[in-house]
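To start, the structure under review is shown below, and the notes come after it.
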Amino acid sequence: MDAVVKKPQDYKSDLKPVWCPGCGDYSVLASVTRSLAELDLDPHTVALISGIGCSSRLPAYSTLYGFHAVHGRALPVATGLKLARPDLTVLVAGGDGDGFSIGGNHFVHACRRNVDMTYIVMDNSVYGMTKGQASPTTESTWTGSKLTPEGPGLAPFRPLEMALSAGATFIARAFAGDPLEMTRQICAAIAHPGFSFIHVLSPCVTYRPEQKEWRTLVHAEFTEPETDRKAAFLRLLDDDGFSTGILLKSPSAPFRPTTAASEPISALGRQFAI
Amino acid sequence: MALTSVSIALTGSGGAGVMTAGQILLDAAAKAGYHGLMGRTLGPQIRGGESAALLRLATRSVQSPDDGYDILVAFDWGNIERFRDELPINPGGLIVADPHAGPVPDIMLTSQPHVAAVPFFDLAKKVPGGRVNMVALGLVATLIGLDHEYLMERLAIQLHGKGEAALEASRAALDAGAAAAEGLEHVPRLHAATPPTTERWSITGNDAAGVGAIQGGVRFCAAYPITPATDILEWLAPNLPKVGGSLVQCEDELASINMIIGSSFGGVPSLTATSGPGLALMMESLGLAVASETPVVVVDVQRGGPSTGIPTKSEQVDLNIAVNGLHGDAPHIVTAPLSIADCLFTTQWSVHLAEAMQTCVIVLSDQMLGQSRTIIDKPAELAFVGRRKVAEATNAAEAVPYRRYALTADGVSPMALPGTEGGAYTADGLEHDEFGHPSTQTTHHTDQLEKRRRKIESFDYGDHWALVDGDGDADVAIITWGSTAEVAREAMARAREQGVSVRLIAVRLIDPLPVDQLSYALAGVSRVLVVEQNHEGQFLRHLRARMDLPGRVEALHRPGPLGLRPGEILNRILAR
């Protein structure tokens with residue numbers, strides 16, 4: 001199929017998404033498939049790994065090799081896959097609860113480890129699949145959930161600052177309402193050698209209908225990626241959470257364990273001979 | 001009187017080097033033709049603290065500790081009350097202690113051993129560069145009648161690159177110990193042995209598990225350190241790359257289990273090692289391995305529990321969680337190595353089972369197996385190499401949709417590895433249909449549950465499910481598993497010497513329990529003794545949940561830290 005020009009449709013399966021009409025995640029699916037077509041990647045050479053949540057349903061809607069793993073563990077599954085199969089292009093998708101709450105530890109260490117893969121987090125500041133509870137990125141005063149009727153009372157998690165602190169070498173923010181910019185970011189992230197993090201503002205029209213206003217709040221800010229962490233930190237000090245663009249793209253040496261077969265298996269026993 | 005088996009405990013604290021001395025003694029004795037094993041008991045301290053090397057040397061192959069120790073060498077008595085229970089001294093045994101450490105505590109004298117005073121530290125000080133453990137090594141070797149040249153040969157390897165002076169200092173210290181041994185009475189001396197003509201190995205259970213993993217085809221390991229399993233991971237770290245594999249250290253056990261699920265999804269046989277607390281953390285993801293049919297192997301080197309428990313001491317306490325810890329109906333495989341050396345076989349076999357059936361296998365080793373060292377003949381090559389049924393590439397134009405979870409007769413369906421054209425699918429922890437598409441339909445759920453059960457029930461495990469030994473016409477059978485198997489075997493041999501025939505069934509395949517084979521192996525017995533090291537009798541409950549045991553059923557189980565002893569089992573056999 002190499003000679004044929006690829007179309008986004010080649011990367012979409014026939015399954016009908018479980019998402020609500022108007023969900024931002026449709027746009028992410030479209031941007032992922034469009035990016036893969038632009039990069040001319042054969043679908044069977046790409047793996048898309050996810051955890052649990054609305055956005056984590058993404059793999060089944062693609063024609064890629066997918067793994068819909070358990071809640072919060074998409075990053076380790078993807079890490080193991082990429083380390084064992086460096087020939088594959090590995091994408092990871094999930095939501096704010098999956099990535100920043102139950103999987104928060106893996107997020108920090110994936111940024112540190114810098115394995116060559118692209119992590120797309122669809123952030124809607126709510127647990128949609130369990131019908132509307134506060135997530136780590138929910139505003140402290142949001143009273144829309146019966147679980148936290150007074151509001152969560154916690155300062156929201158700041159994903160870009162966390163990623164930067166933990167050592168990520170590619171950090172970007174996209175908005176579901178701007179799939180062209182998102183596509184540009186995904187292409188750049190896949191091309192980046194190392195761990196790439198894209199924070200996507202992906203509105204939940206069902207449990208957070210007020211997020212429809214995000215369209216008016218986002219602003220293209222990171223127009224030219226920074227290459228060093230200090231400059232990136234300075235820019236984040238002024239971030240209102242709605243700045244979009246590629247914040248950081250710094251020199252990166254992706255993590256690869258050393259493997260160089262040097263001995264027949266039968267020789268391993270020699271060390272025990274007396 | 002010369003003996004065919006001598007047990008020796010070397011105890012000391014504060015980095016006295018008892019483990020080093022113990023290993024040199026074991027390996028030197030092996031070179032001289034003896035068999036033996038060495039267990040380790042350690043306190044909770046990070047460095048120093050009480051520790052003991054627990055050796056047994058014999059003229060025949062031994063895989064079980066003896067009831068007690070014939071010689072106990074003590075540099076000091078620090079914290080002895082903490083581990084006195086793990087150091088039973090045989091009646092008529094010999095305690096050799098440094099008099100500067102004070103009198104021998106009364107709690108060590110209950111079996112009325114002989115006592116000798118040897119000033120180990122003073123003797124070591126008189127030798128330039130001399131170390132106290134080398135003095136003790138010289139003394140013990142002289143007592144049991146082991147030629148010092150065998151010690152020197154091992155020391156030359158141990159001290160390689162440290163120069164001639166270091167080796168000479170050790171020789172002088174050995175000589176000082178030998179001189180101190182002169183004139184000691186009540187010495188348990190070993191029968192002479194003949195140096196072996198074939199290759200022998202000195203290996204721990206944890207290292208053996210690592211060898212078994214690689215020989216079985218494992219090429220990726222994700223690791224999180226935990227006592228007493230870390231040795232497996234530390235052995236694999238430098239050795240996996242030699243065969244083209246790799247190991248990565250993770251942030252936690254949730255990461256390690258999920259990383260090996262990811263690598264195995266990619267087609268690379270994968271394994272991790274942990275202990276009880278880590279296994280507990282992995283449970284949800286082991287269910288994912290079952291549901292998504294991704295082969296993985298987890299070696300659980302059990303330690304005292306629950307919770308943090310007794311991290312450095314052995315117990316057989318994770319059978320319950322290994323068999324029953326997964327939520328949902330989640331058939332999978334649980335195995336247990338039956339000796340230190342069998343850690344190699346059982347781990348390699350477990351990789352084979354995981355790959356052949358595309359499921360998860362939990363291997364229940366324990367601290368006693370994992371951290372003990374044994375002398376064995378070089379193991380024969382095993383035929384078990386993990387071979388997965390893999391889907392071939394298909395031309396997309398053929399447009400035959402790939403069914404990852406096809407309902408096959410044996411329950412195993414060919415797995416497409418990423419990169420295979422025409423094989424793309426989404427592996428899922430959600431219930432799914434044959435294509436892998438999420439489904440809540442009754443038929444899909446039932447079909448997939450039955451498929452996953454069918455593959456492990458219909459598999460041919462051959463004779464490897466257990467070691468069945470002893471007398472066919474025996475009236476009494478011992479059923480045991482894991483590290484108590486060799487202890488029970490020694491008890492059986494002793495019973496036979498007293499004219500009592502016993503049958504031994506040491507179960508390697510814990511789940512699915514081969515009920516038919518087990519019933520057949522028990523045919524004709526009127527008494528069944530179920531032996532294991534835990535407080536609750538986990539294996540007995542497991543057996544009873546799955547089958548009716550014949551005749552009178554008795555339980556022999558107690559917690560650690562002292563491992564079960566042959567004498568305890570023998571007493572139960574003889575108590576009619």
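The values are calculated or read from the model by the stated rules, or taken from the named source; none is laboratory data. Everything quoted here is computed from the prediction, not taken from an experiment. Every residue, glycine as well, gets a Cβ built from its backbone with ideal geometry; the counts of neighbours run over all protein chains shown.
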Checked segment A:16-55 for anything closer than 26 Å to A:Pro209 by Cα and more than 19 Å from the chain's Cα centre (by Cα); matches are A:Lys16, A:Val18, A:Cys20, A:Pro21, A:Gly22
Which condition from (1) more than 10 Å from chain B (Cβ to nearest Cβ); (2) of a type outside the set (Ser, Thr, Tyr); (3) under 25 Å from B:Ala427 (Cα atoms); (4) in contact (Cβ under 8 Å) with a residue 60 or more places away in the chain is the one that A:Leu83 breaks? (1)
Quick one: which residue in A:Leu58, A:Leu91, A:Leu75, A:Leu81 is within 11 Å of the chain's Cα centre (by Cα), part of a helix (DSSP H, G or I) and of a type in the set (A, V, I, L, M, F, W, C)? A:Leu75
Among the residues of segment A:180-214, what is the count of those that are hydroxyl-bearing (Ser, Thr, Tyr) and closer than 28 Å to A:Val115 by Cβ? 3
Is it the case that some residue within segment B:368-375 is of a type in the set (Gly, Ala, Ser) and not assigned by TED's automatic domain parsing to the domain that holds B:Ala341? no
Say whether the condition of being modelled with pLDDT of 95 or more and either β-branched (Val, Ile, Thr) or in contact with a Gly (Cβ under 6 Å, 6 or more places away or on another chain) (or both) is met by at least one residue in segment B:150-164. no
Inside segment B:67-87, can you point out the residues that are assigned to a loop (DSSP other than H, G, I, E, B) and either among the aliphatic types (A, V, I, L, M) or surrounded by fewer than 22 Cβ atoms within 10 Å (Cβ to Cβ) (or both)? B:Asp67, B:Gly68, B:Asp76, B:Trp77, B:Gly78, B:Asn79, B:Leu87
Whether any residue in segment B:291-301 is under 13 Å from B:Gly325 (Cβ atoms), outside the structural domain of B:Arg452 (by TED's automatic domain parsing) and touching a helix residue (DSSP H, G or I) at 6+ places or on another chain (Cβ under 9 Å) is what I want to check. yes
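If you take the residues of segment A:139-164 that are part of a helix (DSSP H, G or I) and out of contact with any Cys (no Cβ under 8 Å at 6 or more places or on another chain), which of them is farthest from A:Glu226 (Cα to Cα)?
Applying the first criterion (part of a helix (DSSP H, G or I)) to segment A:139-164 yields A:159-164.
Within this subset, residues satisfying the condition of being out of contact with any Cys (no Cβ under 8 Å at 6 or more places or on another chain) are A:159-161, A:164.
Details: A:Pro159: 17, A:Leu160: 13, A:Glu161: 14, A:Leu164: 12 Å.
Only one residue tops the list, namely A:Pro159.
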Among B:Ser292, B:Ser314, the single one that is crowded, with 19+ Cβ neighbours inside 10 Å, under 21 Å from the mean Cα position of the chain (by Cα) and in contact (Cβ under 8 Å) with a residue 40 or more places away in the chain is B:Ser314
Please state which of the following conditions A:Asp228 fails to meet, knowing it meets all the rest: (1) more than 30 Å from B:Ala29 (Cβ to Cβ); (2) touching a Ser or Thr at 6+ places or on another chain (Cβ under 7 Å); (3) surrounded by 11 or more Cβ atoms within 10 Å (Cβ to Cβ). (3)
Going through A:His109, A:His68 one at a time, which residue ends up being at the interface with another protein chain (Cβ under 8 Å from one of its Cβ atoms) and surrounded by fewer than 24 Cβ atoms within 10 Å (Cβ to Cβ)? A:His109
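Which of the following residues is in the same structural domain as B:Asp342 (by TED's automatic domain parsing) and in contact with a helix residue (DSSP H, G or I) (Cβ under 8 Å, 6 or more places away or on another chain): B:Leu233, B:Leu184, B:Leu240? Spell out how you get there, then give the answer.
Working: B:Leu233 fails: in contact with a helix residue (DSSP H, G or I) (Cβ under 8 Å, 6 or more places away or on another chain); B:Leu184 fails: in the same structural domain as B:Asp342 (by TED's automatic domain parsing).
Selected residue: B:Leu240, the only one of B:Leu233, B:Leu184, B:Leu240 that is in the same structural domain as B:Asp342 (by TED's automatic domain parsing) and in contact with a helix residue (DSSP H, G or I) (Cβ under 8 Å, 6 or more places away or on another chain).
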Counted residues, segment A:71-93 - those being crowded, with 24+ Cβ neighbours inside 10 Å and among the polar types (S, T, N, Q): 1
Restricting segment B:400-424 to residues that are among the small types (Gly, Ala, Ser) and facing another protein chain (nearest Cβ under 10 Å), the residue that is surrounded by the most Cβ atoms within 10 Å (Cβ to Cβ): B:Ala424
Out of B:Glu457, B:Glu431, report the one residue that is in contact (Cβ under 8 Å) with a residue 12 or more places away in the chain and within 14 Å of another protein chain (Cβ to nearest Cβ). B:Glu431
Across (1) part of a helix (DSSP H, G or I); (2) out of contact with any strand residue (DSSP E or B) (no Cβ under 7 Å at 6 or more places or on another chain), B:Met282 clears everything bar (2)
Taking into account only those residues within segment A:94-106 that are at the interface with another protein chain (Cβ under 10 Å from one of its Cβ atoms) and part of a helix (DSSP H, G or I), which is surrounded by the most Cβ atoms within 10 Å (Cβ to Cβ)? A:His106
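Every residue, every condition in (1) closer than 23 Å to A:Arg270 by Cβ; (2) of a type in the set (Ser, Thr, Tyr); (3) in a loop (DSSP other than H, G, I, E, B); (4) in contact (Cβ under 8 Å) with a residue 40 or more places away in the chain, yes or no:
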| residue | (1), (2), (3), (4) |
| --- | --- |
| B:Leu344 | yes, no, no, yes |
| B:Ser365 | no, yes, no, yes |
| B:Leu382 | yes, no, yes, yes |
| B:Tyr402 | no, yes, yes, no |
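Run down B:Leu562, B:Leu504, B:Leu513 and say which single residue is closer than 30 Å to B:Ala53 by Cα, part of a loop (DSSP other than H, G, I, E, B) and within 26 Å of the chain's Cα centre (by Cα).
Values: B:Leu504 fails: part of a loop (DSSP other than H, G, I, E, B); B:Leu513 fails: closer than 30 Å to B:Ala53 by Cα.
The conditions single out B:Leu562.
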Can you name the residue in segment B:261-279 that is under 22 Å from the mean Cα position of the chain (by Cα) and in a helix (DSSP H, G or I) and is also nearest to the other protein chains (Cβ to nearest Cβ) among such residues? B:Gly278
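If you check B:Leu143, B:Leu159, B:Leu139, B:Leu123, which single one turns out to be without any contact (Cβ under 8 Å) to a residue 60 or more places away in the chain, in contact with a helix residue (DSSP H, G or I) (Cβ under 6 Å, 6 or more places away or on another chain) and surrounded by 22 or more Cβ atoms within 10 Å (Cβ to Cβ)? Write out each step before concluding.
Working: B:Leu143 fails: without any contact (Cβ under 8 Å) to a residue 60 or more places away in the chain; B:Leu159 fails: surrounded by 22 or more Cβ atoms within 10 Å (Cβ to Cβ); B:Leu139 fails: without any contact (Cβ under 8 Å) to a residue 60 or more places away in the chain.
Exactly one of B:Leu143, B:Leu159, B:Leu139, B:Leu123 is without any contact (Cβ under 8 Å) to a residue 60 or more places away in the chain, in contact with a helix residue (DSSP H, G or I) (Cβ under 6 Å, 6 or more places away or on another chain) and surrounded by 22 or more Cβ atoms within 10 Å (Cβ to Cβ), namely B:Leu123.
Of everything in segment B:3-29 that's of a type in the set (S, T, N, Q) and assigned to a helix (DSSP H, G or I), which residue is farthest from B:Leu143 (Cα to Cα)? Walk me through how you get there before you give the answer.
Here is the first cut: in segment B:3-29, the residues of a type in the set (S, T, N, Q) are B:4-5, B:7, B:11, B:13, B:20, B:23.
Okay, now just the ones that are also assigned to a helix (DSSP H, G or I), so B:20, B:23.
On the way: B:Thr20: 19, B:Gln23: 17 Å.
Of everything passing the filter in segment B:3-29, B:Thr20 is farthest from B:Leu143 (Cα to Cα).
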